[in-house]
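The values are calculated or read from the model by the stated rules, or taken from the named source; none is laboratory data. As the structure is a prediction and not an experimental result, all values here were calculated from the model. Note that each Cβ is placed from the backbone with ideal geometry, even for glycine, and that neighbours are counted across all protein chains shown. In case anyone asks, the SASA skips ligands and DNA or RNA and just uses the protein heavy atoms, side chains included. Shrake-Rupley method; radii C 1.70, N 1.55, O 1.52, S 1.80 Å.
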Amino acid sequence: MDASHRSGCPINLTLEILGDRWSLIVIRDIMFGNRRHFRELLQNSEEGIASNILADRLKRLVERGLLTRADDPTHKQKAVYSLTEMAIDLVPLFAHMGAWGRKHLAVSEELSIRAELLENGGSNLWEDFMEELRAKHLGKVLPPGTPSVLGRLTEAYLEVVNRKKNG
């Protein structure tokens with residue numbers, strides 16, 4: 001056992017990487033919000049992450065192998081963050097966390113609709129979403145005409161937001 005870890009328990013080791021207040025939120029925003037740049041992550045954070053915390057989490061997630069960072073070819077001073085396979089493998093965890101939160105906590109309709117769709121769609125939808133993320137972040141080629149799970153999740157979110165705004 002490596003002395004830098006409290007134990008070799010898989011739950012402990014996972015929490016040592018993802019158990020802080022912000023890491024899963026940053027991954028969530030990249031995964032479900034398709035936010036790939038620092039400024040997008042900072043300005044569109046529902047929870048209001050501070051810039052120094054965001055910079056630290058992005059650095060740690062890159063170091064731990066959950067994200068990659070590359071120069072943005074469209075802008076010399078920007079970086080693009082991408083999910084790695086390790087992060088994409090968290091989709092089922094996010095689906096279970098969303099289902100648990102919907103069952104036990106007072107969630108908002110607009111912020112829980114994606115969790116509801118993932119829960120109802122089950123493992124087949126999760127796999128389709130993971131394949132889409134592999135295409136977006138890892139360059140995997142999807143068959144032409146493959147429906148977008150992210151598009152479906154985003155559309156459902158926007159429908160609820162618009163209904164609440166206009167209703």
Residue-wise HN-Hα coupling along region 27-36, computed from phi with Karplus coefficients 6.51, -1.76, 1.60 (Hz; x: Gly, Pro)
4, 4, 5, 6, 6, 9, x, 6, 8, 10
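With Cβ to Cβ distances under 10 Å as the rule, what net charge do the other residues near residue 146 carry (K, R +1; D, E -1)?
Working: positive: none; negative: 128, 131, 132.
Surrounding charge for residue 146 is -3.
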Given the pairs 59/140; 76/140; 103/140; 140/165; 103/164; 78/140, which span a C-alpha to C-alpha distance of over 32 angstrom in this model?
103/140; 140/165
Region 85-166: C-alpha gyration tensor shape, a/c 1.5 cut-off, then a/b vs b/c
oblate
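For the chain, what is the calculated [θ] at 222 nm in deg cm²/dmol (nearest 500), taking -39500 (n - 2.57) for each run of four or more DSSP H residues and dividing by its residue count?
-20000 deg cm²/dmol
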Here region 72-78 yields Karplus 3J(HN,Hα) values (6.51, -1.76, 1.60; θ = phi - 60°; whole Hz; Gly and Pro given as x) of 7, x, 8, 7, 4, 9, 10
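Taking all protein chains as present, what is the carbon and sulfur share of the accessible area of the chain, in % to the nearest whole number, probe 1.4 Å? Show your work: numbers first, answer last.
Values: 5400 of 10220 Å².
Here carbon and sulfur together make up 53 percent of the probe-accessible area.
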Suppose each label sits 7 Å from its Cα in the direction of the beta carbon; what would the residue 93-residue 6 distance come out to in nanometres?
1.5 nm
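Taking only C-alpha pairs under 8 Å that are 6+ residues apart, what is the relative contact order of region 48-167 in percent? Spell out each step's value before the answer.
Values: 99 pairs, mean separation 24.6, N = 120.
The normalised contact order for region 48-167 reaches 20 percent.
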Quick check: net charge around residue 77, other residues with Cβ under 14 Å of its Cβ, Lys/Arg +1 and Asp/Glu -1?
+2
Label point 7 Å out from residue 62 along Cα-to-Cβ: which residues of region 1-45 have amide N under 14 Å?
36-39
Could you give the spread of the C-alpha atoms of the chain along their three principal axes, from largest to smallest, in whole angstroms?
54, 43, 36
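Per residue, how many Å² of accessible area does region 15-167 show with a 1.4 Å probe? Walk me through the intermediate numbers first.
Values: 9060 Å² over 153 residues.
Using a 1.4 Å probe on heavy atoms only, each residue of region 15-167 averages 59 Å².
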